[in-house]
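Below is one structure, written out as structure tokens; the observations come after it.
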Amino acid sequence: MRALTKKNILIFVGILLTFAIVQGLISVGIISSFHEITIALICINIIMAVSLNLITGFTGQFSLGHAGFMSIGAYVCALIIMRYDSTAGFLMGILAGALVATIVGILIGIPTLRLKGDYLAIATLGMAEIIRVVFLNLEITNGAAGLSGIPRHANWFWLFFFAVITVLTINNFIRSSHGRACISIREDEIAAESMGINTTKYKVMAFAIGAFFAGVGGALYASYFYFLKPNIFGFMKSIDILVIVVLGGLGSVTGSVVAAILLALLTTFLQAFTEIRMILYALLLVVIMIFRPQGLFGTKEINDFFKFRKKHERIE
Amino acid sequence: MEQFLQQVVNGISLGSIYALIALGYTMVYGIIKLINFAHGDVYMIGAYIGFAAITYAKLGFFPALLISMILCAILGVVIERIAYKPLRNSTRIAVLITAIGVSLFLEYVMMFFVGAEVRSYPNVLSNYTLHLHGVVINMQQIYIIVTAIALMVLLQFIVHKTKTGKAMRAVSIDQDAAQLMGINADSTISYTFAIGSAFAGAAGVLVGIYYNSIDPLMGIMPGLKAFVAAVFGGIGSIPGAMIGGLGIGIMETLVSGYGNSMYRDAFVFLFLILILILKPTGLMGKNIREKV
């Protein structure tokens with residue numbers, strides 16, 4: 001296994017180019033500060049959706065509580081950067097937020113992941129609600145009024161950096177033997193267990209990694225939007241993330257990325273009509289489930305489509 | 001002691017409402033194994049229909065309740081036919097996501113037409129209150145409890161004494177076998193949705209009268225709590241849903257009465273997680289063994 005394969009170099013160049021182009025457009029002023037918010041949302045949504053996809057799409061554990069982990073990351077990071085207002089403090093906040101989210105994820109995951117399907121969904125939903133109510137009542141988080149004036153350290157560089165890290169880490173995890181174990185749980189839990197896979201261990205592992213990156217996403221959210229209140233991270237937020245994952249395809253990392261971009265653009269265009277946006281959202285969910293339940297990409301990645309064409313050419 | 005009894009009375013009235021909603025959840029879950037997330041929103045629409053009937057059509061309590069129940073039953077069947085029926089054979093996650101989609105759709109369509117603001121419900125009942133050894137029971141509570149009991153008796157009658165009820169029980173035990181015996185599973189499922197939604201509509205009108213305020217997002221929380229009640233009682237079991245609803249209602253009022261009302265919702269969900277872990281079949285659920 002060499003790290004410097006042609007494919008890896010291409011991916012690296014692609015990432016650098018994307019960063020440089022957007023950075024250039026921001027500095028020249030073609031992307032206004034209004035559109036920068038959309039870009040920030042895209043990055044955060046990519047982090048959230050890809051991490052949820054690991055839990056729901058790849059491991060097959062239906063979670064409706066992803067916003068709960070996000071809120072933990074957001075609050076922990078916000079509290080830390082409000083004390084230590086520096087880039088080091090910001091990075092420390094992200095790490096701390098992500099770690100606390102992971103710990104909570106593991107603590108909640110061990111008992112609840114014994115549940116299956118809709119029961120798990122409801123249990124995770126309940127968990128996110130409990131987290132929200134706790135933040136609503138804690139003194140340190142300033143209750144329902146929320147925290148404001150959080151120093152803004154997250155910028156395009158950091159948002160992009162963490163989005164790329166998330167996508168690469170989860171992508172590599174899925175291709176590792178642990179990741180394959182997770183996928184086997186999705187395909188058939190009983191069969192996986194009888195093949196000697198410790199299903200509980202891998203389910204909790206997927207849940208913990210998902211929670212970690214959800215914490216990162218939340219921390220970036222806190223630092224970019226410098227305002228937090230518990231109701232941002234309600235049931236609706238979890239659904240928002242789920243919609244991205246489902247639209248992109250349960251079990252497709254690139255699908256989540258593409259869907260996050262598409263939905264953020266849709267949201268920006270429909271900014272003025274919140275209700276219509278939500279109605280469209282809802283219709284989109286139902287229509288996708290009826291006509292294309294596997295989402296845009298299914299379990300395929302974006303490069304699989306190109307591979308297929310090549311093979312086809314060779315056959316001819 | 002008086003305060004405790006007062007809380008229990010309040011809890012029973014709230015719990016009867018939860019029980020009415022929980023019945024719909026449990027019946028639908030029993031028959032097609034779907035957590036109908038849109039159920040809480042049918043309840044919200046029921047409340048608005050009742051509001052319209054009382055305010056604009058100047059109807060009394062019972063006609064409003066009846067209209068709301070009928071229209072909600074129709075709505076429930078329409079939802080089932082359009083959104084859930086095409087997904088009869090797809091994965092559980094797909095159907096659950098569809099249910100969430102339908103729920104969002106109902107909420108925001110209502111918000112689009114009636115606005116997001118909270119409306120106050122007209123008072124159609126007299127302000128008479130009953131004093132029993134220091135416990136105050138008001139007219140609304142009496143109406144709620146009596147209506148809920150009447151509807152539950154009616155449901156027991158439908159399920160156990162009529163042909164439709166027999167078909168419903170048969171389909172929920174084994175859909176394929178029921179179809180082989182000549183039962184039309186599709187129409188039985190529609191009947192189940194109709195009855196469940198009618199109950200949700202009734203609960204909507206009752207809650208509007210009890211709390212005096214309605215808004216398009218009012219269905220989310222009671223919907224989730226009624227689901228907790230259904231799980232507590234044992235999902236799929238009709239008496240379980242009634243007991244579970246009352247239990248959750250009483251628990252909630254006791255927590256807000258003696259503890260911190262801010263933690264009320266958290267407590268209900270904590271309770272849910274505990275039941276799911278300790279006794280996932282609930283109080284009256286049947287234990288089904290998993291087969292490979």
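All of the numbers you see were taken from the coordinates with simple rules; none came from a lab. Remember, it's a predicted structure, so these values are computed and weren't measured experimentally. Cβ placement follows ideal geometry from the backbone for every residue including glycine, while neighbour counts extend to all protein chains displayed.
Can you work out which of the residues in region A:91-110 that are buried (at least 22 other Cβ atoms within 10 Å of the Cβ), hydrophobic (A, V, I, L, M, F, W, C) and within 13 Å of A:Gly217 (Cα to Cα) is nearest to the other protein chains (Cβ to nearest Cβ)?
This residue is A:Ala101.
A:Ile80 passes all but one of (1) assigned to a helix (DSSP H, G or I); (2) buried (at least 18 other Cβ atoms within 10 Å of the Cβ); (3) facing chain B (nearest Cβ under 7 Å); which number fails?
Every condition holds for A:Ile80 apart from (3).
On the basis of being touching a Lys or Arg at 6+ places or on another chain (Cβ under 9 Å) and in a helix (DSSP H, G or I), does B:Tyr108 make the cut?
In short, yes.
Check A:Gly249, A:Gly255 and return the single one that is buried (at least 24 other Cβ atoms within 10 Å of the Cβ), in contact with a Leu (Cβ under 8 Å, 6 or more places away or on another chain) and away from every other protein chain (no Cβ under 14 Å).
The match here is A:Gly255.
Out of the residues in region B:209-232 that are touching a helix residue (DSSP H, G or I) at 6+ places or on another chain (Cβ under 8 Å) and more than 14 Å from B:Gly40 (Cα to Cα), state the one that is surrounded by the fewest Cβ atoms within 10 Å (Cβ to Cβ).
The selected residue is B:Tyr210.
Taking region A:268-284 only, how many residues are within 14 Å of chain B (Cβ to nearest Cβ) and either at positive phi or assigned to a helix (DSSP H, G or I) (or both)?
11
If we keep just the residues of region B:233-288 that are of a type in the set (Ser, Thr, Tyr) and closer than 20 Å to B:Ser172 by Cα, which is surrounded by the most Cβ atoms within 10 Å (Cβ to Cβ)?
Out of the qualifying residues, it is B:Ser237.
In a helix (DSSP H, G or I) and either on the phi > 0 side of the Ramachandran plot or free of Cβ contacts under 8 Å to residues at least 12 places away in the same chain (or both): which single residue out of A:Gly24, A:Gly93, A:Gly73, A:Gly68 fits that description?
Being in a helix (DSSP H, G or I) and either on the phi > 0 side of the Ramachandran plot or free of Cβ contacts under 8 Å to residues at least 12 places away in the same chain (or both) holds for just one of A:Gly24, A:Gly93, A:Gly73, A:Gly68, which is A:Gly24.
Identify the residue in region A:285-306 that is in contact with a helix residue (DSSP H, G or I) (Cβ under 7 Å, 6 or more places away or on another chain) and among the hydrophobic types (A, V, I, L, M, F, W, C) and, among all such residues, is farthest from the other protein chains (Cβ to nearest Cβ).
Checked region A:285-306; the qualifying residue farthest from the other protein chains (Cβ to nearest Cβ) is A:Ile302.
Just to be sure before I move on: is B:Val159 free of Cβ contacts under 8 Å to residues at least 24 places away in the same chain and more than 8 Å from chain A (Cβ to nearest Cβ) in the structure I sent?
So B:Val159 does not fit the description; no.
Restricting to region B:143-163, give me the number of residues that are more than 27 Å from B:Ile49 (Cα to Cα) and assigned to a helix (DSSP H, G or I).
Residues that pass the stated criteria total 3.
Is at least one residue of region B:81-90 in a helix (DSSP H, G or I), touching a helix residue (DSSP H, G or I) at 6+ places or on another chain (Cβ under 9 Å), free of Cβ contacts under 8 Å to residues at least 40 places away in the same chain and more than 14 Å from every other protein chain (Cβ to nearest Cβ)?
Checked against the condition, which is being in a helix (DSSP H, G or I), touching a helix residue (DSSP H, G or I) at 6+ places or on another chain (Cβ under 9 Å), free of Cβ contacts under 8 Å to residues at least 40 places away in the same chain and more than 14 Å from every other protein chain (Cβ to nearest Cβ), region B:81-90 yields no hits at all.
Please return the ranges of helices (runs of 4 or more DSSP H) entirely within region B:202-292 where 1 or more residues are within 13 Å of another protein chain (Cβ to nearest Cβ) and more than 21 Å from B:Ala99 (Cβ to Cβ).
Once the helices (runs of 4 or more DSSP H) in region B:202-292 are filtered for at least 1 residues that are within 13 Å of another protein chain (Cβ to nearest Cβ) and more than 21 Å from B:Ala99 (Cβ to Cβ), what remains is B:238-258, B:264-278.
Give the residues of region A:198-250 that are touching a strand residue (DSSP E or B) at 6+ places or on another chain (Cβ under 6 Å) and of a type in the set (Gly, Ala, Ser), sorted by residue number.
Hit for region A:198-250 is A:Ala222, nothing else.
For the structure I just gave you, tell me whether A:Ile44 is of a type in the set (A, V, I, L, M) and closer than 21 Å to A:Ile209 by Cβ.
yes
Condition first: in contact with a Lys or Arg (Cβ under 7 Å, 6 or more places away or on another chain), part of a helix (DSSP H, G or I) and touching a residue at least 12 places away in the same chain (Cβ under 8 Å). Can you find one or more residues in region A:192-215 that meet it?
No; the residues of region A:192-215 include none that is in contact with a Lys or Arg (Cβ under 7 Å, 6 or more places away or on another chain), part of a helix (DSSP H, G or I) and touching a residue at least 12 places away in the same chain (Cβ under 8 Å).
Which residues, counting only those in region B:53-80, are assigned to a helix (DSSP H, G or I) and free of Cβ contacts under 8 Å to residues at least 60 places away in the same chain?
Once the filter is applied, which keeps residues that are assigned to a helix (DSSP H, G or I) and free of Cβ contacts under 8 Å to residues at least 60 places away in the same chain, region B:53-80 yields B:Ala53, B:Phe62, B:Pro63, B:Leu66, B:Ile67, B:Val78.
So in region A:111-165, with the set limited to residues that are under 30 Å from A:Ala20 (Cα atoms) and aromatic (Phe, Trp, Tyr), which one is farthest from the other protein chains (Cβ to nearest Cβ)?
So the residue we want is A:Phe157.
Given the options B:Gly24, B:Gly46, B:Gly40, B:Gly50, name the one that is within 14 Å of chain A (Cβ to nearest Cβ), crowded, with 24+ Cβ neighbours inside 10 Å and part of a helix (DSSP H, G or I).
Exactly one residue qualifies, and that residue is B:Gly40.
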